[in-house]
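Read the structure below first, then the notes.
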Amino acid sequence: MTEKQEFLESLTVFQRPKHFFTLIVNQAGSYLGIDPSGDLGFFPYADDNVMWKTTASGLEHVVTKTEVVQKPDGIQPLEIPQPNNQFKTGPCRLATGPECLPSEYLEFFRKNGWVCLNSILTDDIVEGLEKVACTDRFDKHKFNTSTAPLSQSPYMAKAATEPVSLWVIRQYMQTEEIRLAHTPSLAILDRDDGRRNVQGWHSDYPYLWGITGNSKDGWVPTASGSTVLGVQRNVCVSDFTKLGGATAFKLGSHVQETAPPESWGRGSRYFKPGARKQHGLPYSGPEADIIEAPGGSIILYDARTWHRAGINRQGKKRAAMLQAIIPMYVMPYGDTSVPYKKFANSKAHEELTELEKYEFQKLMVHTISNPAGTSAITIDSELTATIKTK
Ligand SMILES: [Fe+2]
């Protein structure tokens, strides 16, 4: 590939939105909403029914148009007009919600196989992630290698339990029971030096088409159709830009249910030492796509989508937090039980709301459930030592 053919991917650009919906959150972290039967209550998930709009006098429920009058001294307690009386909710706080309705994100995701929840994380979470990654506002800081990033602050878990993306993923995967296939990790890209290893084109876990290089060319041997075995959830910690190494995709390729073309440079090729010198960079022409989005955005894509890591050509590091989401019936990729136990005993865990604690446990602890009950799965080192491998 000549120099001129490189970095010509098509761009989809998301600018930081000017308006967001509002969430009304109680101390446990649940969301005030009005369900389809008209009942007001707190809900442990973020669908359209918990979305509010700010108005001149307070807040308006987006679906039912019910108004909330905000007290001048703040929002504790909120007064919620009901058909016949006033209803007080107790201490609550207002939080910045998503730019679009959850149902709109879901519709886009179902139609296209990807969706960008633009700037959905609040700035305190983004700043907390930058601090752990030592990028952006903290790029002069030294990366802490003494403990796992997850246990260093509550913000990786807070980002992992962002409620709108969880709701969208559960609908897209058609199951409530979703799990993390591995502990959330940080992907920090330094400026490219022209020689380092790069990632080739592939599908994500559990498909891994284009990576494993065996005869079936992946871990899932056949197309899975409407049964979604994996959704990748990339949290942009830094701004994602083409120059800064945003992920490259072939958007919409999930429907093909195959490995990326050999000619694009598959992951299996670029695992081999010297591949970059021998083959040049993997395909980065106009058939590929790059999503540019502000830090704090979450990009969801069907794990079958062909993609590869970007090449950072700017003078600063770029961070993302990566999570592979699977349904409970798929085997995890890494052991999440030990990292979860460490995190659950850390100070960072105490700073989560009750709902965040519950959701993070659901995501991280893989279980076997049957009529006898539910048991957590973990690694048995003694048994592992007896396994015979070829
Ligand atoms: Fe990937």
Hey, Ile368 in contact (Cβ under 8 Å) with a residue 40 or more places away in the chain, of a type in the set (Val, Ile, Thr) and over 30 Å from Lys140 (Cβ atoms) or not: no
Near pairs, Cβ below 6 angstrom, 6+ apart or cross-chain, from region 273-293 (at positive phi) to any residue that is modelled with pLDDT under 95: Gly280/Met1
Check on Asn112, at pLDDT 95 or above and touching a Cys at 6+ places or on another chain (Cβ under 9 Å): no
Search result, residues across region 304-321 that are within 11 Å of the ligand (Cβ to nearest atom) and in contact with a Pro (Cβ under 7 Å, 6 or more places away or on another chain): Trp306, Arg308
Residue match in region 278-297 (condition: buried (at least 20 other Cβ atoms within 10 Å of the Cβ), away from the ligand (no atom under 16 Å from the Cβ) and aromatic (Phe, Trp, Tyr)): no
Residue that is of a type in the set (Gly, Ala, Ser), within 26 Å of Phe21 (Cβ to Cβ) and either within 16 Å of the ligand (Cβ to nearest atom) or in a loop (DSSP other than H, G, I, E, B) (or both), where the choices are Ser165, Ser119: Ser119
Filter result for Val228 (more than 13 Å from the ligand (Cβ to nearest atom), more than 18 Å from the chain's Cα centre (by Cα), of a type in the set (A, V, I, L, M) and under 26 Å from Pro102 (Cα atoms)): no
Selection within region 1-53 - among the small types (Gly, Ala, Ser), without any contact (Cβ under 8 Å) to a residue 40 or more places away in the chain and not in a loop (DSSP other than H, G, I, E, B): Gly33, Gly41
Options Asp192, Asp136, Asp217: the member that is out of contact with any Pro (no Cβ under 7 Å at 6 or more places or on another chain), modelled with pLDDT under 95, assigned by TED's automatic domain parsing to the domain that holds Ser337 and buried (at least 18 other Cβ atoms within 10 Å of the Cβ): Asp217
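Based on this model, can you work out whether Ala275 counts as under 16 Å from Ala320 (Cβ atoms) and either surrounded by fewer than 23 Cβ atoms within 10 Å (Cβ to Cβ) or of a type in the set (A, V, I, L, M) (or both)?
For Ala275, the condition - under 16 Å from Ala320 (Cβ atoms) and either surrounded by fewer than 23 Cβ atoms within 10 Å (Cβ to Cβ) or of a type in the set (A, V, I, L, M) (or both) - is not met.
The values are calculated or read from the model by the stated rules, or taken from the named source; none is laboratory data. Fair warning: this is a prediction, and the values are worked out from it, not measured in the lab. Backbone-built Cβ (ideal geometry, glycine too); neighbour counts: all protein chains shown.
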